[in-house]
Amino acid sequence: MSDHRGLLEVVDLVKHFRTTGLFRTTASPVRAVDGVSFTIAQGETLGLVGESGCGKSTVGRTILRLEEPTGGSVQFEGHDIFSLTPSELRTLRRRMQIVFQDPYGSLNPRMRVGRAVAEGIEIHRLAPRAEIPERVGSLLAEVGLDPDAAERYPHEFSGGQRQRIGIARALAVEPVFLVCDEPVSSLDVSVQAQVVNLLAELQRARGLSLLFIAHDLAIVRQLAQRTLVMYLGRVVETAPTESLLATPRHPYTQALISAAPEPDPTVTRSRIVLGGEPPSPSAPPSGCAFHPRCFHPKKDTRCQRERPELRQVGDSAAACHHAE
Amino acid sequence: MLTLVGLVLIAIAAPMLLPDPLAQPDILQGVNQPPGAKHWFGTDQLSRDVLSRVVTGARISLTIAFLAVAVSVTLGAMVGLVAGYWGGWVDAVLMRIVDGALAIPRLFVLLLVVAAWESLPLLVFILLLGTTGWFGTSRLIRGEVLRLKQEPYVRAAEALGAHRIRIVLRHLLPNTAGPLLVAATLGVGNVVLLEAGLSFLGVGVRPPTPTWGGMILDSQEILFVAPWTSIFPGLAIVITVLAVNLFGDALREAVDPRHA
Amino acid sequence: MTAPVLEVRDLRIAFPTRTGDFARPVDGVSFILHRGETLALVGESGCGKTLTSLALLRLVPAPGRIEPGSRLDFEGRDIMGLDADELRAIRGKDIAMVFQDPMSSLNPVFTAGAQIIETIKAHESESTKAARDRALGLLREVGISDPELRIDQYPHEMSGGMRQRVMIAMALATEPGVLIADEPTTALDVTVQAQILEILDRLREIRGLAVLLITHDLGIVANRADRVAVMYAGRIVEEASTRTLFEAPSHPYTQGLLESVPRLTGPVQSLKPIPGTVPDPARWPAGCRFHPRCPKVMARCRAEDPSRLALADGHHMACWLAEETAR
């Protein structure tokens, strides 16, 4: 993958949320994202997995500057996203788009589908007004919908169809980079497969780069060449997807793979059932954030004291003192 | 809804149908006539036809109410949208102003200003009612916007590079239509009552221009002699307020594509 | 296999539609649940699995109703014939339920302990002290560490997994014979999901509980259920032992479902989705309800509704292909 040009480069991204109460501003912010770095090459799909609250969605939103970052930098096609003026940012947004999880909330209920898809074209004046309906029609066709869908309202569509509309809306501005924030998590399996296949096809046909955020490793495997695993706002492991699944180096990755339900009664993996639940991101444990739940036989006091940095182990980079 | 359309039609067509409400003392029929064939709603102490005064009053009262509410809802929506969507200090400043304004009784302010004005032009009266009535609406809309701006479709529009004004007009405003209509209908009822109250106190629209509140004021001395002089304008107020509220409910469903 | 605890025969649920017609989101469902087994009811959203589970306690939300002719037998008692008091006695006491969303299923203004104790006292006359001791025991049984601390906590002080454990403890408080678990782990993270499933499994074994596991996730079913019933469009289209169902899925819908699930093991293959969408309950397709999406559709499927046909002992499906193979 070394011949790929870096399209997106994220360095030490930090996003903290301060919770404000009636009489106080709490002292300890929620460390949603706490120093995340990665790159995405042109045409590459990077998977980003983790459980709820690990900060994966925040990463996606902060990269697009839909949330203001607390620290770090994002380079996209040579532009420093965080230092752009609002109007420069608006122009650049054409190049990077997002597809959301919730197929019900992601479309304006009072806007006809055609207008929703046309919005980006209008904003960036990508086509003369007279040609917009035709463009919308071909975008809808590209995502597998009837062109007459343009005249209808979102509530007339099923979850899977709405997700297709959301994809068409994002593609309308001809982006090169697409953040997919759990785009199939709330869909039924048979429909989920349709949307995953559609994304794979669009990625190939348009040469898109994708950041595919999900909690389901099996789906990520369908799309991503490389995968990043997050736990409590930090990357714990990153590796080519197949090596990650075959030889997970970080104990958390091992547990995640082991817990994933596989629809095959003959697959009897030695199940690792983790104790406890992810701690609160406003008070992460000292040292390695995973240490209270860790089952690694070599777990020691160093894990409680010293935060492990990512280091190369075989194909992977894992943030564990004892990874091998 | 039909009631309301009827009311508006009557108000518009009034001058063509009925005797002049201002000065047509029907000396022959005399004063304080009970309802009868000639004067369906009777006559008042100046022998004017109550029906034509109620109908003409509808013109004045409804005009005042609709225009005043149009002003207040527009102001309320604008302030609510800006405060809710921009957030930060803009929100803080606007909302403190609203808090302050809400602490002052509206009737008191109106009485003060209206009483100080020698002869109040109708337009000024309408603007006064409008500019003192938007505080609650702005609160309501701000709350709605705070919720709506978290919706993924608003995020998606931002990601598409949409300008703030576009987001406000295309995404936020249409989705606040429901609460706005509720605020508007409640507002119309409120202003009709408020205008009646002010006129009743003698500081609203000055006689001889007929307004419903003014008519009730004029007839209070003859309440027991000629009750029809106050019952009919009173009924008109009740029916109008009811009709507007029902109409608002219907309209809210009609503009929601999900109820199609 | 041991004695049946719950027997459902020809269950139909009707909802009036706007046009004055009836929609039947559950339309002729039959199954038997035995003591000590886990039966999984699997299907996608809108297939009627949740309504089926609600009907077992006659909790179908208005204006829906269970149509006459449906039979629900619990340990030989006819649930359809019970009056309100008798029904209340069965609900929670003999048949308990655990729902998907552990946040909204617990009352936020009472402590976990108070809610469990209330459940115990609603069905048995016990002193508060004795009920509290039992509640502590239950919390321990569902794997809550520090039960003495947790019993006095409010739902918002607990994580999602912890709340689901409390829900299960509550469901077990009255020692029911049947536990209906409606998507009990859907709202939870995978690592926590595994813990909850482990507990349900253990309870089934130790207490001889009959578990009706309602889920959309075939992955969960594969390792936790003894038998599986696959639902589509208000009906059970295939029923078999878990092993048989996964090794020899026979109904085209079951096959399609299994092929559309992404896997972690084996080579990466592109997914084979089922084309189209689930039909509307007010307008089920004529003939076999799956025929518009079925890759193996025959002329007969468009006209005639397939009935439940046996493929082997304990393996049934509603598909005309069953007859073809029998010939």
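The values are calculated or read from the model by the stated rules, or taken from the named source; none is laboratory data. Keep in mind it's a predicted model, so treat the numbers as computed, not measured. Please note: Cβ atoms are built from the backbone with ideal geometry, for glycine as well, and neighbour counts cover all protein chains shown.
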Discussion item. Given the criterion crowded, with 20+ Cβ neighbours inside 10 Å and without any contact (Cβ under 8 Å) to a residue 40 or more places away in the chain, identify the matching residue among C:32, C:95, C:13, C:79.
Written reply: C:79
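Conditions tested, residue by residue: (1) more than 9 Å from chain B (Cβ to nearest Cβ); (2) surrounded by 18 or more Cβ atoms within 10 Å (Cβ to Cβ); (3) modelled with pLDDT of 90 or more; (4) outside any helix (DSSP H, G or I).
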residue	(1), (2), (3), (4)
A:89	no, no, yes, no
A:101	no, yes, no, yes
A:114	yes, yes, yes, no
A:117	yes, yes, yes, no
A:134	yes, no, yes, no
Worksheet, complete the sentence: For residue C:188, the lone unmet condition from (1) modelled with pLDDT of 85 or more; (2) more than 7 Å from every other protein chain (Cβ to nearest Cβ) is (1)
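Among the listed residues C:278, C:268, which satisfies the condition of being more than 24 Å from residue C:46 (Cα to Cα) and in a loop (DSSP other than H, G, I, E, B)? Outline the logic, then answer.
Values: C:278 fails: more than 24 Å from residue C:46 (Cα to Cα).
Exactly one residue qualifies, and that residue is C:268.
Could you pull out the residue among C:228, C:221 that is outside any helix (DSSP H, G or I), under 16 Å from the mean Cα position of the chain (by Cα) and either free of Cβ contacts under 8 Å to residues at least 24 places away in the same chain or under 10 Å from residue C:40 (Cα atoms) (or both)? Before the answer, list the steps.
Details: C:221 fails: outside any helix (DSSP H, G or I).
Only one candidate qualifies: C:228.
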Worksheet item: Exactly one of (1) within 13 Å of chain A (Cβ to nearest Cβ); (2) not in a helix (DSSP H, G or I) is unmet by residue C:199. Its number?
Response: (2)
Discussion item. Going by what's in this entry, would residue A:7 be described as modelled with pLDDT under 95 and not in a strand (DSSP E or B)?
Written reply: no
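Kindly indicate which of B:56, B:63 is surrounded by fewer than 18 Cβ atoms within 10 Å (Cβ to Cβ) and of a type in the set (S, T, N, Q). Even if it seems obvious, please write down each step before you answer.
Numbers: B:56 fails: surrounded by fewer than 18 Cβ atoms within 10 Å (Cβ to Cβ).
Being surrounded by fewer than 18 Cβ atoms within 10 Å (Cβ to Cβ) and of a type in the set (S, T, N, Q) holds for just one of B:56, B:63, which is B:63.
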Practice prompt. Output the helices (runs of 4 or more DSSP H) that fall wholly within region B:144-246 and possess 1 or more residues being within 30 Å of residue A:180 (Cβ to Cβ), or say none.
Written response: B:152-159
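Could you please let me know if residue C:215 is surrounded by 21 or more Cβ atoms within 10 Å (Cβ to Cβ) and modelled with pLDDT of 90 or more?
Details: surrounded by 21 or more Cβ atoms within 10 Å (Cβ to Cβ): yes; modelled with pLDDT of 90 or more: yes.
Answer is yes for this residue.
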Worksheet item: What is the one condition in (1) farther than 26 Å from residue A:115 by Cβ; (2) more than 13 Å from chain A (Cβ to nearest Cβ); (3) not hydrophobic (A, V, I, L, M, F, W, C) that residue B:179 does not satisfy?
Response: (1)
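Being basic (Lys, Arg) and farther than 13 Å from residue A:250 by Cα is the filter here; which residues of region A:286-304 pass it? Outline the logic, then answer.
Filtering region A:286-304 for residues basic (Lys, Arg) gives A:293, A:298-299, A:302.
Correct list: A:302 only.
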Worksheet entry | Flag for residue B:123 being surrounded by fewer than 14 Cβ atoms within 10 Å (Cβ to Cβ), of a type in the set (A, V, I, L, M, F, W, C) and part of a helix (DSSP H, G or I) | yes
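Out of B:225, B:241, which single residue is under 21 Å from residue B:137 (Cβ atoms) and either touching a strand residue (DSSP E or B) at 6+ places or on another chain (Cβ under 6 Å) or of a type outside the set (Ser, Thr, Tyr) (or both)? Let's see the steps before the verdict.
Working: B:225 fails: under 21 Å from residue B:137 (Cβ atoms).
When all the criteria are applied, what remains is B:241.
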Worksheet item: Are any of the residues in region C:227-238 buried (at least 16 other Cβ atoms within 10 Å of the Cβ) and in contact with a His (Cβ under 6 Å, 6 or more places away or on another chain)?
Response: yes
Worksheet item: In region A:201-211, which residue that is farther than 13 Å from residue A:143 by Cβ and surrounded by fewer than 19 Cβ atoms within 10 Å (Cβ to Cβ) is nearest to the other protein chains (Cβ to nearest Cβ)?
Response: A:204
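How many residues are polar (S, T, N, Q), farther than 26 Å from residue C:58 by Cβ and in a helix (DSSP H, G or I) when one looks only at region C:90-132?
The total comes to 1.
Results for (1) in contact (Cβ under 8 Å) with a residue 12 or more places away in the chain; (2) within 11 Å of another protein chain (Cβ to nearest Cβ), shown as yes or no for each residue.
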position	(1), (2)
C:178	yes, no
C:214	yes, no
C:243	no, yes
C:253	yes, yes
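Out of everything in region A:161-200 that is part of a loop (DSSP other than H, G, I, E, B) and free of Cβ contacts under 8 Å to residues at least 40 places away in the same chain, what residue ends up being nearest to the other protein chains (Cβ to nearest Cβ)? Don't jump to the end; show me each part of the working.
The initial filter retains those residues of region A:161-200 that are part of a loop (DSSP other than H, G, I, E, B), namely A:172-176, A:182-188.
If we keep only those that are free of Cβ contacts under 8 Å to residues at least 40 places away in the same chain as well, we get A:184, A:188.
Values: A:184: 10, A:188: 4 Å.
Among those that are part of a loop (DSSP other than H, G, I, E, B) and free of Cβ contacts under 8 Å to residues at least 40 places away in the same chain, it is A:188.
Quick check on my filter: what residues within region A:76-87 are within 12 Å of chain B (Cβ to nearest Cβ) and either of a type in the set (A, V, I, L, M) or not in a helix (DSSP H, G or I) (or both)?
The initial filter retains those residues of region A:76-87 that are within 12 Å of chain B (Cβ to nearest Cβ), namely A:84, A:86-87.
Result: A:84, single match.
Among the listed residues B:92, B:101, B:83, B:162, identify the single one that is within 30 Å of residue A:63 (Cα to Cα), without any contact (Cβ under 8 Å) to a residue 40 or more places away in the chain and buried (at least 16 other Cβ atoms within 10 Å of the Cβ). Reasoning before the result, please.
Numbers: B:92 fails: buried (at least 16 other Cβ atoms within 10 Å of the Cβ); B:101 fails: within 30 Å of residue A:63 (Cα to Cα); B:83 fails: without any contact (Cβ under 8 Å) to a residue 40 or more places away in the chain.
Within the list B:92, B:101, B:83, B:162, the selection yields B:162.
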Worksheet item: Failed condition for residue A:73, given (1) free of Cβ contacts under 8 Å to residues at least 60 places away in the same chain; (2) surrounded by fewer than 18 Cβ atoms within 10 Å (Cβ to Cβ); (3) more than 7 Å from chain B (Cβ to nearest Cβ), with all others met?
Response: (1)
Discussion item. Let me spell it out: the conditions are (1) more than 22 Å from residue C:185 (Cα to Cα); (2) in contact with a Pro (Cβ under 9 Å, 6 or more places away or on another chain), and residue C:132 meets all of them except one. Which number is the exception?
Written reply: (2)
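Per-residue answers, yes or no, for (1) farther than 14 Å from residue C:111 by Cα; (2) surrounded by fewer than 21 Cβ atoms within 10 Å (Cβ to Cβ):
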{"residue": "C:153", "(1), (2)": "no, yes"}
{"residue": "C:156", "(1), (2)": "no, yes"}
{"residue": "C:160", "(1), (2)": "yes, yes"}
{"residue": "C:174", "(1), (2)": "yes, yes"}
{"residue": "C:177", "(1), (2)": "yes, yes"}
{"residue": "C:185", "(1), (2)": "yes, no"}
{"residue": "C:191", "(1), (2)": "yes, no"}
Item to complete: Might you let me know whether region C:254-263 holds any residue that is surrounded by fewer than 17 Cβ atoms within 10 Å (Cβ to Cβ), more than 21 Å from residue C:29 (Cα to Cα) and hydroxyl-bearing (Ser, Thr, Tyr)?
Response: no
Discussion item. Looking only at region A:54-101, count every residue that is within 30 Å of residue A:274 (Cα to Cα), of a type in the set (Gly, Ala, Ser) and out of contact with any Gly (no Cβ under 9 Å at 6 or more places or on another chain) and tell me the total.
Written reply: 2
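Conditions tested, residue by residue: (1) among the basic types (Lys, Arg); (2) under 17 Å from residue A:190 (Cβ atoms).
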position	(1), (2)
C:292	no, yes
C:296	yes, yes
C:299	no, no
C:306	no, no
C:310	no, no
C:320	no, no
C:324	no, no
